[in-house]
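Below you will find the structure I want to go over with you.
Computed from the coordinates by the stated procedures, all read-outs in this text should not be read as laboratory data. These numbers were taken from a predicted model, which means no experiment stands behind them. Every residue, glycine as well, gets a Cβ built from its backbone with ideal geometry; the counts of neighbours run over all protein chains shown.
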Amino acid sequence: MKYHSRETLHAVADVHADVHRPVMKRDERLARWAQLLEQDPDRLLATLAETEYEPESRRNCMRNDGSPITIAFEDSVLRTEGLKDDTYGEAKRFFDLTDWQLHRVVCSCHSGAMVRSGKAAEYVRDIAKPHPGLFAMLWNALLILR
């Protein structure tokens, strides 16, 4: 094997420092999270206490060992895709969720201090489903009344 400097290689080849691969879309990331949660549906996971009452700066730093977010962070695929840690704020950013969507998955007000992994997966799957906008809901309601 013959050694060539980077400069020499640039002269004879089109060299790229990093290879870009397709990035998972939002619905694919959510589907993967749900699949991870469904692997052990009866596993009890820790929730985060009353996220809706915390100021945004505090809420974004919230985490708990063994939470639904921790399950996502333990997955090497999601970490490779860019999930940096298992905090509330990072999950909100990475999965492109609103506070109310993430609140439903991880907050203690829905299931107490612990949530079954299968139930958390249901919440994640529900978030991933397309929901009709207000205009579509009103239109459908008018059609039903006829």
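Suppose each label sits 7 Å from its Cα in the direction of the beta carbon; what would the Ala113-Leu138 distance come out to in nanometres?
According to this spin-label approximation, the distance is 4.7 nm.
Please list 3J(HN,Hα) in residue order for region 71-88, calculated via the Karplus relation 6.51 cos²θ - 1.76 cosθ + 1.60 where θ = phi - 60°; whole Hz, with x for glycine and proline.
4, 5, 5, 5, 7, 5, 5, 5, 5, 5, 6, x, 6, 8, 6, 10, 8, 4
Straight-line reach only, C-alpha to C-alpha below 19 angstrom: list the lysines that Lys25 could link to, leaving out same-chain residues fewer than 8 apart.
Cross-link targets: Lys84, Lys92, Lys129.
Here's another thing I want to ask about it. Is the shape of region 23-145 rounded, prolate or oblate, going by the alpha carbon gyration tensor and its root eigenvalues a ≥ b ≥ c, with a/c under 1.5 for rounded and a/b larger than b/c for prolate? Before the final figure, lay out each step's value.
Numbers: a/c = 1.66, a/b = 1.47, b/c = 1.13.
Verdict is prolate for region 23-145.
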